[in-house]
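Below is one structure, written out as structure tokens; the observations come after it.
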């Protein structure tokens, strides 16, 4: 099975990182003592099985966390049911919530779905504020899964602080700086400067290469740096008037018009092939993207990639997930304790080390597995430092119930500008028409 998770242009894959391994002792620190198990659903020996339903890759298998939890709690076995495609997983999950049947004990929630569930299905979830401390997460992450009344329907797992991943060797051949600090300085003024760097690259670009993979990826980076994106705080859809959407759209149209992109929709087979061939010089790069790049680009480009801080002075986040406990689950108490353990600093650090998914728990940033983490594949880029600093200053974005749909639709039309030569005006009209049919 192809291990990916995709929603709103997002996909992640495994990456073994150059960090120190998490020891069994460290894992034990947050798992002291067995929980008292409810008798319902237990077998004759008092043993129960907790099911975790998620999509793509949450990193628990790679980090061996379910096996470790069983060692700490011999009466509990954890089984993971993984869906390859979040777009298939989510409608099924909604149906299960509506009927109260077929639910797992723990469910993964993509950030693009969080607001819809907070607004319309909060009663269907256990209140995790009674189990976990939302203050442990970066502030904006905690707000994403919290109702106005303070109920927490999901505990934060990973996040996607932004950066730019770039090919040092291609930059050098094009006469551009290669040091990550110098590269970041070139677009310190914002994404407009990033495009200017693209124009410099194009002048001396090695034959058959392109400055960026996709204008829609850059668009997501631009929009993600804004507090208001597709919805206002009062819940009104404002994507047609949003300053962030307008800026992202105009920059994407400019990138397409100036042929600065290869015009490849991210995570497609063609995109992966381009990474393997080495034709892409830079990628808008949330933390989880590095894993996908290294997997698709392969050993031939190890050490030739690097990571620079995100363009501009405003940090941005793209992606992230939560773990939730359905109120009608068979083992609500035990499921809550499992979620608390999985999202604790030590376990989030273990997932980061094993699968490259950056923690939302601030305590993990102080652990050596994160704090001193470097990516050998990316020229030993100090990703623990880069992403931890970024994560803590990201603005608290306003989420809306159809964020994912809006983002996907706009991204599709940006791809049409790149691949089919659709005019920005026609592409925008097509995007707004399609979105309005969905959101009313």
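Select from the stretch 347-364 the residues that are surrounded by fewer than 24 Cβ atoms within 10 Å (Cβ to Cβ) and modelled with pLDDT of 95 or more and write down the one among them that is nearest to the chain's Cα centre (by Cα). Across the stretch 347-364, the extreme among qualifying residues is 362. Take the stretch 368-384 and flag every residue that is touching a residue at least 12 places away in the same chain (Cβ under 8 Å), in contact with a strand residue (DSSP E or B) (Cβ under 9 Å, 6 or more places away or on another chain) and either surrounded by fewer than 19 Cβ atoms within 10 Å (Cβ to Cβ) or part of a loop (DSSP other than H, G, I, E, B) (or both). Matches in the stretch 368-384: 373, 374, 376, 377, 378, 379, 380. Could you tell me which of the residues 22, 50, 103, 15 is modelled with pLDDT of 60 or more and either surrounded by fewer than 16 Cβ atoms within 10 Å (Cβ to Cβ) or assigned to a loop (DSSP other than H, G, I, E, B) (or both)? Of the residues listed, the single one that is modelled with pLDDT of 60 or more and either surrounded by fewer than 16 Cβ atoms within 10 Å (Cβ to Cβ) or assigned to a loop (DSSP other than H, G, I, E, B) (or both) is 103. Check whether at least one residue in the stretch 289-305 is surrounded by fewer than 23 Cβ atoms within 10 Å (Cβ to Cβ), farther than 21 Å from residue 355 by Cα and modelled with pLDDT of 95 or more, and report yes or no. No, the stretch 289-305 has no match at all.
Residue 158 passes every criterion in (1) more than 27 Å from residue 333 (Cβ to Cβ); (2) in contact with a strand residue (DSSP E or B) (Cβ under 7 Å, 6 or more places away or on another chain) apart from (1). Somewhere in the stretch 149-156, is a residue more than 26 Å from residue 295 (Cβ to Cβ) and part of a strand (DSSP E or B)? Checked against the condition, which is being more than 26 Å from residue 295 (Cβ to Cβ) and part of a strand (DSSP E or B), the stretch 149-156 yields at least one hit.
Among residues of the stretch 101-120 that are within 18 Å of residue 150 (Cα to Cα) and not assigned by TED's automatic domain parsing to the domain that holds residue 357, none has a Cβ under 6 angstrom from a residue that is outside any loop (DSSP other than H, G, I, E, B) and at pLDDT 95 or above at a sequence gap of 6+ or on a separate chain. Residues in the stretch 393-408 that are touching a strand residue (DSSP E or B) at 6+ places or on another chain (Cβ under 8 Å) and either within 12 Å of residue 225 (Cβ to Cβ) or without any contact (Cβ under 8 Å) to a residue 60 or more places away in the chain (or both): 394, 397.
Looking at the stretch 166-180, which of its residues are in contact with a strand residue (DSSP E or B) (Cβ under 8 Å, 6 or more places away or on another chain) and either assigned to a helix (DSSP H, G or I) or surrounded by fewer than 22 Cβ atoms within 10 Å (Cβ to Cβ) (or both)? Within the stretch 166-180, 168, 170, 171, 174, 178, 180 meet the criteria. Any residue that is surrounded by 18 or more Cβ atoms within 10 Å (Cβ to Cβ), at pLDDT below 95 and under 17 Å from the mean Cα position of the chain (by Cα) - is there at least one of those in the stretch 276-284? Taking every residue of the stretch 276-284 in turn, none turns out to be surrounded by 18 or more Cβ atoms within 10 Å (Cβ to Cβ), at pLDDT below 95 and under 17 Å from the mean Cα position of the chain (by Cα).
Could you grab me the full set of residues in the stretch 188-218 that are closer than 10 Å to residue 260 by Cα and assigned to a loop (DSSP other than H, G, I, E, B)? The answer is 209, 213, 214. In the stretch 309-331, the count of residues that are out of contact with any strand residue (DSSP E or B) (no Cβ under 6 Å at 6 or more places or on another chain), under 19 Å from residue 288 (Cα atoms) and crowded, with 23+ Cβ neighbours inside 10 Å is one or more.
Taking the listed residues 303, 356, the one that is touching a helix residue (DSSP H, G or I) at 6+ places or on another chain (Cβ under 6 Å) and either closer than 27 Å to residue 174 by Cβ or assigned by TED's automatic domain parsing to the domain that holds residue 110 (or both) is 356, with no other qualifying.
How do the pairs read when you match residues in the stretch 227-238 that are in the same structural domain as residue 410 (by TED's automatic domain parsing) and within 16 Å of residue 116 (Cβ to Cβ) with residues anywhere that are surrounded by fewer than 19 Cβ atoms within 10 Å (Cβ to Cβ) and modelled with pLDDT under 95, using Cβ under 6 Å and keeping only pairs 6 or more apart or on different chains? Pairs found: 237/439. Of the listed requirements (1) surrounded by 22 or more Cβ atoms within 10 Å (Cβ to Cβ); (2) under 22 Å from residue 271 (Cα atoms), residue 225 misses just one: (2). The set of residues from the stretch 124-148 being within 19 Å of residue 336 (Cα to Cα) and part of a loop (DSSP other than H, G, I, E, B) comprises 126, 127, 131, 132, 133, 145, 147.
Within the stretch 243-255, does at least one residue satisfy the condition of being in a loop (DSSP other than H, G, I, E, B) and in contact with a strand residue (DSSP E or B) (Cβ under 7 Å, 6 or more places away or on another chain)? No.
The values are calculated or read from the model by the stated rules, or taken from the named source; none is laboratory data. Just so you know, these numbers come straight off a predicted model, no measurement behind them. Note: ideal-geometry Cβ built from the backbone for every residue, glycine included; neighbour counts use all protein chains shown.
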